[in-house]
1. Ranked by accessible surface with a 1.4 Å probe, highest first, in what order do W231, W170 come?
2. Would you tell me the accessible area of E76, worked out with a 1.4 angstrom probe on the heavy atoms of the protein chains, in Å² to the nearest 10?
3. 5 Å is the cut-off here: which amide hydrogens, built 1.01 Å from N in the peptide plane, fall below it relative to H90, excluding neighbours closer than 5 in sequence?
4. Over what distance in Å are the Cα centres of region 307-336 and region 183-260 separated?
5. Roughly to the nearest percent, how much of the accessible area of region 3-188 is carbon and sulfur, given a 1.4 Å probe?
6. What are the residues whose amide H is under 5 Å from the amide H of I187, where those residues sit 5 or more places off or on another chain and H is modelled from the backbone?
7. Reported to two decimal places, what Rg/Rh ratio describes region 1-141 when computed on Cα atoms with Rh from the Kirkwood expression?
8. May I have the pair-distance distribution P(r) for the chain, computed from all Cα-Cα distances with 20 Å bins from 0 and rounded to whole percent?
Amino acid sequence: MKVALVTGITGQDGSYLAELLLEKGYQVHGLKRRASSFNTQRIDHIYQDSHQTNVNFKLHYGDLTDSTNIIRIIQEVQPDEIYNLGAMSHVKVSFDSPEYVANVDGIGTLRILEAVRILGLEQKTRIYQASTSELYGGLAENKNEKGMYDENSPFYPRSPYGVAKIFGYWITKNYREAYNMFACNGILFNHESPRRGETFVTRKITMATAAIALGQQDCLYLGNLDAQRDWGHAKDYVEAMWRILQQDHPEDYVIAMGETTYVRDFVRMAFSEVGIIIEFKGHGVNEKGFVASCSNPEFQLEIGKQVIAVDPQYFRPTEVDLLIGDPSKSKTQLGWIPQYDLSGLVQEMVAMDVDRVKKEIMLNEAGFRS
Ligand code: NAP
Ligand code: GDD
């Protein structure tokens with residue numbers, strides 16, 4: 001039985017990856033931070049099962065800022081594969097805590113690699129490093145001939161998060177070359193799901209779509225509506241992570257959908273899932289989104305009502321304007337075929353948030369009556 005250790009197991013990707021690895025018959029160990037409130041909502045369904053039938057799932061308290069616990073856990077677990085997904089992953093927040101981000105996202109990667117080396121596991125343990133399209137920084141002149149970023153495009157990170165991740169990228173590559181380790185970077189473009197953190201733009205939009213459609217929220221405040229992202233589904237992207245570690249040779253791969261969409265158009269797509277057409281008027285900080293029509297009898301809003309506004313507090317000191325990735329290598333070499341397209345992703349996210357808001361309304365009404 002293969003043994004995997006996943007850092008960041010309580011996050012969006014960690015939860016999907018844990019499910020995938022368990023399905024494939026792995027014993028899965030996860031690194032979990034101690035928090036003052038519960039932080040395991042995304043994996044509780046697996047964890048609860050582990051008390052009864054799922055003996056192949058175990059969580060360990062630890063933190064990527066602490067070499068001692070990383071060494072101890074790796075020694076105890078003796079993993080065949082490590083997926084280093086743990087990170088402070090919010091780009092905007094990284095401007096507020098740059099030193100912490102450098103420590104966790106940058107040096108944290110080194111701690112994992114070095115622990116494997118100290119323990120003499122270089123030839124046993126394969127390592128996946130969660131690299132990111134933020135490394136490219138969205139510079140137009142660095143795209144390839146297809147107008148996309150690929151494995152050979154130059155990097156130009158535009159945030160403390162991107163800069164910390166570039167250290168993680170290069171130290172992974174360096175340990176591969178210096179010590180012949182099976183250590184790979186997955187350069188993943190944005191990927192989302194109903195489990196996406198609530199302050200990332202897609203989830204913020206789908207949550208607000210549900211709340212506005214059901215009369216629980218008036219207006220959604222966003223930042224840069226002109227940003228463009230290459231969005232895929234996290235479930236597809238964790239499959240690519242696993243495939244990267246099953247190859248004969250360690251290499252780096254871009255994982256992306258190859259299409260880019262404006263934040264503004266993601267808003268339109270989300271609202272159209274509940275039959276509401278949004279019309280945008282104005283520019284920059286004065287741009288506003290209004291209800292143009294409502295075709296679903298369940299979700300009726302006043303025509304002309306303003307539901308979208310721009311709040312400059314969500315702007316970033318330096319922005320990555322446009323990301324689009326070229327997945328040619330991952331499709332041919334890994335045989336990776338995503339199951340979701342953007343409309344399938346939006347549909348799933350909005351449906352889950354509508355269900356959730358409806359349940360909250362019912363619970364509130366029940367509480368009010370009792
Ligand atoms: P996420 O939902 O924010 O999850 C991050 C995980 O890292 C959480 O489990 C978090 O624990 C953990 N973590 C944070 N600080 C830590 C620390 N000091 N020590 C140990 N663990 C720590 O992120 P995600 O979307 O799943 O992304 C997974 C990885 O892929 C991240 O490294 C991210 O930077 C990278 N990435 C993501 C995308 C994307 O679009 N999603 C694209 C490219 C790369 P808590 O639950 O306790 O906070
Ligand atoms: N979060 C957020 N909130 N972003 C907004 C908002 C808002 O209210 N309004 C507009 N945006 C814009 C941001 O300025 C950015 O250009 C874009 O929407 C996407 O923002 P996020 O969803 O926060 O994601 P990100 O692209 O900055 O970072 C994510 O993807 C990276 C891969 O490219 C994160 O998952 C990173 O961890 C990941 O590496």
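The values are calculated or read from the model by the stated rules, or taken from the named source; none is laboratory data. In this text the structure is predicted, and so the values were computed from the model without any measurement. Quick reminder, even Gly has a Cβ in these numbers, built from the backbone with ideal geometry, and neighbours come from all protein chains shown. Ligands, DNA and RNA are stripped out before the accessible areas are found, and what is left, the full protein with its side chains, is counted by its heavy atoms. Shrake-Rupley method; radii C 1.70, N 1.55, O 1.52, S 1.80 Å.
1. Numbers: W231 10, W170 135 Å².
Result of the area sort, largest leading: W170, W231.
2. It works out to around 110 Å².
3. Counting only residues 5 or more places away or on other chains, the set is empty.
4. 8 Å
5. Details: 3900 of 7960 Å².
Of all accessible area on region 3-188, carbon and sulfur atoms account for 49 percent.
6. Those qualifying (amide H under 5 Å, at least 5 residues apart or on another chain) are Y253, V254, I255.
7. On the way: Rg = 15.5 Å, Rh = 15.8 Å.
My calculation of the ratio gives 0.98.
8. Taking every Cα pair in the chain, the percentages come to 28, 56, 16, 0.
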